[in-house]
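Colleague: Starting off with a structure, shown below.
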Amino acid sequence: MSPATSPNATYTDHFVRLNLSIVLVLVLVLFTLTVCTATTLPLAEAWGAEKTVVISSTFPGEMIKAGDTATFPLTITNMGATSIDGRIRYSPFGEAEEWDIRFEAGGRNIHRISIPPGGREMVTLIAETTGDAAVGEHRIRVNFRDARITLFVMITETRADEPGTLELTVVNKEGDKVRGATVSAYIDIDGKLADQMMTTAGGVISMDLAEGTYDIMVEKVGYEIRWERDVRIRVGRERDLGIISLEREPFAAEIRVGTPSKTITAGTRPVFEITVENLGEFDDTYKLRVDGLPHGWHARYLIPDVGMEVTEVFIRFGEQKNLNLEVIPPHDVEIGEYKFTSEIESSVTLYSDELSLDIRGIVGKRVDFDRYRVEITAGDAASFVVTVRNYGRGVTLTNIRPNVSAPGGWRVDITPRTATSILPGERRVFNVDVIPPGDIVAGEYRLDLVVGSDQAEDEEVEFRVVVEEGVHVAVFGIMILCIVVVGLWFMFKKFGRR
């Protein structure tokens, strides 16, 4: 038999069960509310809430080559009931961060817009790509208020190996094209000269430069220097600086030397052709002089055709004059290179031009005999005096070597055998003795003298030796003749007419 249950125990058990039921109901209610809230809020956003701004583009993707510009017309619409105002922003991704991107509207660059209720505005995003942009698709996101759109630029071809191009036109204040102006591009970071060109007859230049930032200097004699700072050059792009106007200097001149370096032979007077052009705004007088001439040299400025010596010239603005600078080296000038300076001084500026002369010598050698024909008796010696002269200018003859070509059996003595050197204008004497053999047959014989040196070609001179029979030969012949005559006489006497 089970024990009896007390009333207190039964009440406690029912109370516990009731509390558990209440807790369970509360948990179920809270879970249901959480689920409903989580599902209701997104639906409310999707179906109940409306955006106040919409950004749209008919063509959100464009295909271009690297270095070209992509253009995206955007329509921004205010869907709300109140005016909106704010900044429009772009967010490039990857390589697009290096591009030049901006917003334009109404031909102006903008960064903020204001749209009335129900209104719309047309805005253009312009993306200037770099020439070395990689082939592929690049993204740019545009944001305004709570609206956004993603634009795509497809690079079809890169120009990583191509330079950028700088273009400009140089004119004076009258608008005339300036020919021959020097345009120099200096790297902005270290000031190093990157390239330099001169303008054409039309005053224009087109200069290829690597990508970077440059300081551009435009200069020409007679004009003030013009600088264009921080000029950005991009790969594969043209950067046109437009028209660069130069201002004339009050006093300026251009000095042009026809040939600043000349090569001449010793003994001549070189002439340098010089043109002085007054490029300033006023007439001016120019003083003429030469600096740095070697000792013993002289120089003078002459008016061409007239030959009149001048020390200064007056030139009206916009005009020019031609001058001849005649340089007179001394008679005994040594061969070599000489440098000096032509100085032409205006009212405010000294113009200097370095000139140079390369003086070369004239090689000259002459061989003379005291006589070119000698008569001797067999067994005797023929003597000649040979003179070798250096009639050149500025060149010393060295290692002078006389040599005689004679028939076989002849003996030739030359004193001295050689000469070490002969200075210009000097001479050396050689004694030549020619001895024919003892059994030589009488007659005229030709011999050749050849004189060589290190500087000049061998010079050959012909001379002759006439050999006559000796006296004893003649006496012997007379004796034989006499014997023959006497013998004939005895025979005639002995035999008579028989």
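Colleague: Let me spell it out: the conditions are (1) surrounded by 15 or more Cβ atoms within 10 Å (Cβ to Cβ); (2) part of a loop (DSSP other than H, G, I, E, B); (3) more than 25 Å from the chain's Cα centre (by Cα); (4) hydrophobic (A, V, I, L, M, F, W, C), and VAL235 meets all of them except one. Which number is the exception?
Modeller: Every listed condition holds for VAL235 apart from (3).
Colleague: Now a separate question. Regarding the range 135-144, can at least one residue be identified that is closer than 18 Å to VAL231 by Cβ and surrounded by 15 or more Cβ atoms within 10 Å (Cβ to Cβ)?
Modeller: No - not one qualifying residue is present in the range 135-144.
Colleague: Would you confirm, using the coordinates I've provided, whether ALA127 is in contact with a His (Cβ under 6 Å, 6 or more places away or on another chain), assigned by TED's automatic domain parsing to the domain that holds MET79, among the hydrophobic types (A, V, I, L, M, F, W, C) and buried (at least 18 other Cβ atoms within 10 Å of the Cβ)?
Modeller: no
Colleague: Being among the hydrophobic types (A, V, I, L, M, F, W, C), farther than 20 Å from GLY67 by Cα and in a strand (DSSP E or B) narrows it down to one residue among ILE140, ILE113, ILE126; which is it?
Modeller: ILE113
Colleague: Do we have any residue at all in the range 400-412 that's surrounded by 13 or more Cβ atoms within 10 Å (Cβ to Cβ), out of contact with any helix residue (DSSP H, G or I) (no Cβ under 9 Å at 6 or more places or on another chain), among the hydrophobic types (A, V, I, L, M, F, W, C) and closer than 30 Å to ALA266 by Cα?
Modeller: Yes, the range 400-412 contains a residue that is surrounded by 13 or more Cβ atoms within 10 Å (Cβ to Cβ), out of contact with any helix residue (DSSP H, G or I) (no Cβ under 9 Å at 6 or more places or on another chain), among the hydrophobic types (A, V, I, L, M, F, W, C) and closer than 30 Å to ALA266 by Cα.
Colleague: Considering the range 371-399 alone, what residues qualify as being exposed (fewer than 13 other Cβ atoms within 10 Å of the Cβ), charged (D, E, K, R) and closer than 24 Å to SER453 by Cβ?
Modeller: Within the range 371-399, ARG371 is the sole residue that qualifies.
Colleague: Filtering the range 92-108 down to residues that are over 42 Å from the mean Cα position of the chain (by Cα) and part of a strand (DSSP E or B), which residue is surrounded by the fewest Cβ atoms within 10 Å (Cβ to Cβ)?
Modeller: Going through the qualifying residues, I end up with ARG108.
Colleague: Here's a follow-up. What single numbered condition from (1) in a loop (DSSP other than H, G, I, E, B); (2) in contact (Cβ under 8 Å) with a residue 40 or more places away in the chain; (3) under 30 Å from LYS173 (Cα atoms) fails to hold for GLU334?
Modeller: (3)
Colleague: Another question, then. Could you please give the count of residues in the range 336-356 that are among the hydrophobic types (A, V, I, L, M, F, W, C) and buried (at least 16 other Cβ atoms within 10 Å of the Cβ)?
Modeller: Of the residues in the range 336-356, 3 are among the hydrophobic types (A, V, I, L, M, F, W, C) and buried (at least 16 other Cβ atoms within 10 Å of the Cβ).
Colleague: Tell me which of these GLY280 doesn't satisfy, since it passes every other one: (1) in contact with a Pro (Cβ under 9 Å, 6 or more places away or on another chain); (2) part of a strand (DSSP E or B); (3) not assigned by TED's automatic domain parsing to the domain that holds ASP448.
Modeller: Every listed condition holds for GLY280 apart from (2).
Colleague: If you check LEU279, LEU288, LEU302, which single one turns out to be modelled with pLDDT of 95 or more, within 30 Å of LYS339 (Cα to Cα) and buried (at least 17 other Cβ atoms within 10 Å of the Cβ)?
Modeller: Answer to the selection: LEU288.
Colleague: So, in the range 172-186, exactly how many residues are at pLDDT 90 or above, of a type outside the set (Lys, Arg) and surrounded by fewer than 16 Cβ atoms within 10 Å (Cβ to Cβ)?
Modeller: 3
Colleague: Further question on the same structure: Could you count how many residues in the range 454-466 are closer than 21 Å to ASP370 by Cβ and either at pLDDT 90 or above or polar (S, T, N, Q) (or both)?
Modeller: So the count comes out to 7.
Colleague: At pLDDT 80 or above, outside the structural domain of GLU375 (by TED's automatic domain parsing), at negative phi and out of contact with any helix residue (DSSP H, G or I) (no Cβ under 6 Å at 6 or more places or on another chain): is that true of ILE435 in this structure?
Modeller: So ILE435 does not fit the description; no.
Colleague: Select from the range 202-232 the residues that are assigned to a loop (DSSP other than H, G, I, E, B), buried (at least 16 other Cβ atoms within 10 Å of the Cβ) and of a type in the set (Val, Ile, Thr) and list them in ascending order.
Modeller: VAL221
Colleague: Are any of the residues in the range 193-201 farther than 30 Å from TYR351 by Cβ and surrounded by fewer than 20 Cβ atoms within 10 Å (Cβ to Cβ)?
Modeller: The answer is no, given that none of the residues of the range 193-201 is farther than 30 Å from TYR351 by Cβ and surrounded by fewer than 20 Cβ atoms within 10 Å (Cβ to Cβ).
Colleague: Moving on to the next point. Could you tell me which residue of the range 154-171 is surrounded by the fewest Cβ atoms within 10 Å (Cβ to Cβ), considering only residues that are part of a strand (DSSP E or B) and modelled with pLDDT under 95?
Modeller: By that ranking, first place goes to THR165.
Colleague: Sticking with this structure for a sec: Inside the range 416-445, can you point out the residues that are within 60 Å of the chain's Cα centre (by Cα) and surrounded by fewer than 18 Cβ atoms within 10 Å (Cβ to Cβ)?
Modeller: Those that are within 60 Å of the chain's Cα centre (by Cα) and surrounded by fewer than 18 Cβ atoms within 10 Å (Cβ to Cβ): PRO416, ARG417, THR418, THR420, SER421, LEU423, GLY425, GLU426, ARG427, VAL429.
The values are calculated or read from the model by the stated rules, or taken from the named source; none is laboratory data. Computed from a predicted model, the values in this text were never measured in an experiment. Cβ sites come from the backbone with ideal geometry, for glycine too, and all protein chains shown count toward neighbours.
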